Amino acid sequence: MKLLALLRTGLSSLYQSVKRFPLTIFLTTVTTVLLIIISRADGVTTLETLTRLAMVTALGIPATLSIALAFERTKTARAVKFGSYALAFCLLALYYIFLLPEFGMVTITRYIAITLAFYLAFLFAPYFFRRPGFEMYVIKVINRFLVAGIYSAILFAGLALTLLTIDLLLGIEVSFTFYSNVWLVVAGVFAPCFFLAGLPAIDQDMAEENYPTVLKVLLLYIVMPIILTYTLILYIYFLKTLLTLKWPEGTVSHLVLWYSVFSAGVIFLVYPLERNNKFVQFFTAWFPKLVLPAIIVMFMAIAVRINAYGVTENRYFVVALGLWVLGVMLYYSLTKHFKNIVLPVSLALVALLTVFGPWSAYSVSTYSQNARFETLATEYNMVNGNTLQKPDREISLEDKKAIISILEYFERSHSLSAIRLLPPNFELQNMETVFGFSREDIWAIPGRQKYFHLHTQVKSLEVRDYDHLLKSDNLRQESVAVGPLTVKYSPEDLKLVVVRGDQELYARNLQIFAEQVVERHGAISLELPVQDMTFAEENEILKIRFVFTGITGNDEASQITFENLEFYLLLKFEQ
């Protein structure tokens, strides 16, 4: 009877979460279904489309949660609620069309920033702006999230053990894909329902909630002493740099940054204990002041890197997060009775401001790197109006490396067309005609090992005239059955074999194709057109096409060795 009562309570809780957040549960379910389809899809174009859809529906989860929690605080007309949700879905559709065209550095970092802002909004929406108990509410949410994670892990472990038993005892084969799909259902459907079922009600008085004992012990007796010890170590290190007149290393900026951000979170969490605990009073009063000199040193170290190499998105985000944590620590230092809701609200604003507008990381970084490039080009009299001409003298080795790093940055993160001075349709393999040197001239060191990586971006594949599409990542793990055929690939000797029963239908050492690519383009790191990485063969039984996405290896004393091949395999079997 107790088990039935527990089950009835659980189902009631799940029903309440669906009733309270219907659109959110709908989006989590849709996202899960899309991820399951992705795990079983083959075509590259289809995979990209489904992935973009899954990313947008996942983005809608915190967005709809924030709207629902915001409306719970106020008595709002139903038409306004429906209009707000409709507007949110329209914005998600526009985001899919205009801001998620492909998977690049810009689209991914922007997506992460927006997702972070929405989840922060989910935290502060019920308490914006003047309402007590915000810290206890966040602690309650974190606690519920951890409990949901533990329950989900236990549920999946039970289901996986059941499937394994079926596989071993009944002889019914359960694939790895099926296990992963079960995990997706648990994590994408059960976990959100369970988590939201325990989300505090909007009228619950969190100020009267008891502080969790486990968290209290963890923060007061473990985390806070570690932070103070870490602070002491930092000050000793800074004193050492002053005595040795040696500038702090670049890694210190990241160490200080993440330690400061983590410490701000700890101050947020221990604030409800301040009234009755002197250690917490000391920590919240003095630590924000103690960390300020470390943050200033962090900015000085970052400034040295930016002065030498210009602004990139990574450095921009570090500076932006550093400015945020500096503002937070100044706020804690100058205000006696601070409002912790300032932390998530301000961080959400910073996240959005860094990825939108002319002040965004992308605009500032491209401007900075263009300025670096134009300075180098002007130094060697390469600027001719709005385009480039060959340098009037030999470019120094350091400046050659700087030019290559700028070009590779634009190719990797944006586009070479974003460099204002470059001629139209410029490609890195044509560097010598424009600059008088090539990448292999710089990185090839006689008598020493040289790494190379030839690659291409496959945005879509023409699969007409073929029946099956396989990927090298899957072939590495085990043989793959394709109808009556079995495809085997050995990454050690780069050999691919197709057999039917005991009959070998096709065998080829793929190094032959890799050698042809290297012979045409050289053993360098370069992005190539898809057609240059595509090879087709056929016999009376099989029709095969290889589309290589990556060829890596080493060129040591003119002896080329291949380490790894990544490819798509298209296969047609003539019965």
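The values are calculated or read from the model by the stated rules, or taken from the named source; none is laboratory data. The model shown is predicted, which means the values in this text are computed figures rather than measured ones. A quick note on method: Cβ atoms are made from the backbone with ideal geometry, for glycine too, and the neighbour counts reach across all protein chains shown. Ligands, DNA and RNA are excluded from the accessible area calculation, which covers all protein heavy atoms including side chains. Shrake-Rupley method; radii C 1.70, N 1.55, O 1.52, S 1.80 Å.
Worth a mention:
- For Val482, residues with placed amide H under 5 Å, excluding near neighbours: Val487
- Viscosity 1.567 mPa s, temperature 4 °C, Stokes-Einstein D of the chain from Kirkwood C-alpha radius, µm²/s: 45 µm²/s
- Mean Cα-pair separation over length for the stretch 306-450, i.e. relative contact order, pairs under 8 Å, 6 or more apart, %: 19 percent
- The stretch 505-551 - percent of accessible surface contributed by carbon and sulfur, probe 1.4 Å: 44 percent
- Maximal additional length on extending the Lys572-Tyr151 stretch stands at 147.0 nm, based on 0.36 nm per residue less the C-alpha distance.
- Among beta bridges identified by DSSP and lying wholly in the chain, the antiparallel ones come to about 95 percent.
- Our summary of shape: the Cα atoms of the stretch 200-306 have principal axis extents of 56, 28, 20 Å, ordered from largest down, in whole angstrom.
- Gyration tensor verdict on the stretch 114-264 (Cα atoms; rounded if a/c is under 1.5, prolate if a/b is larger than b/c, oblate otherwise): oblate
- Considering every alpha-carbon pair of the stretch 245-326, the percent of pairs per 5 Å bin, from zero through the bin containing the longest distance, is 3, 14, 23, 20, 14, 10, 8, 5, 2, 1.
- Extension gain (nm, one decimal) between Lys278 and Arg412, 0.36 nm per residue minus Cα-Cα: 43.0 nm
- Full-extension gain in nm, Phe128 to Asn509, via 0.36 nm per residue minus C-alpha separation: 130.8 nm
- Each Cα pair of the stretch 441-554 feeds into the Kirkwood radius, which the Stokes-Einstein equation turns, at 25 °C and 0.890 mPa s, into a diffusion coefficient of 156 µm²/s.
- Distance between the 7 Å Cα→Cβ label points at Arg520 and Val383: 3.8 nm.
- Remark: the stretch 128-212 carries 59 Å² of accessible area per residue (probe radius 1.4 Å; ligands, DNA and RNA excluded).
- Of all accessible heavy-atom area on the stretch 268-320, the percent that carbon and sulfur account for (1.4 Å): 63 percent
- Over the stretch 292-336, accessible surface divided per residue gives 47 Å², non-protein components excluded, 1.4 Å probe.
- Qualifying lysines (Cα of each under 28 Å from Cα of Lys278; at least 8 residues distant if same chain): Lys140, Lys216, Lys289, Lys336, Lys339
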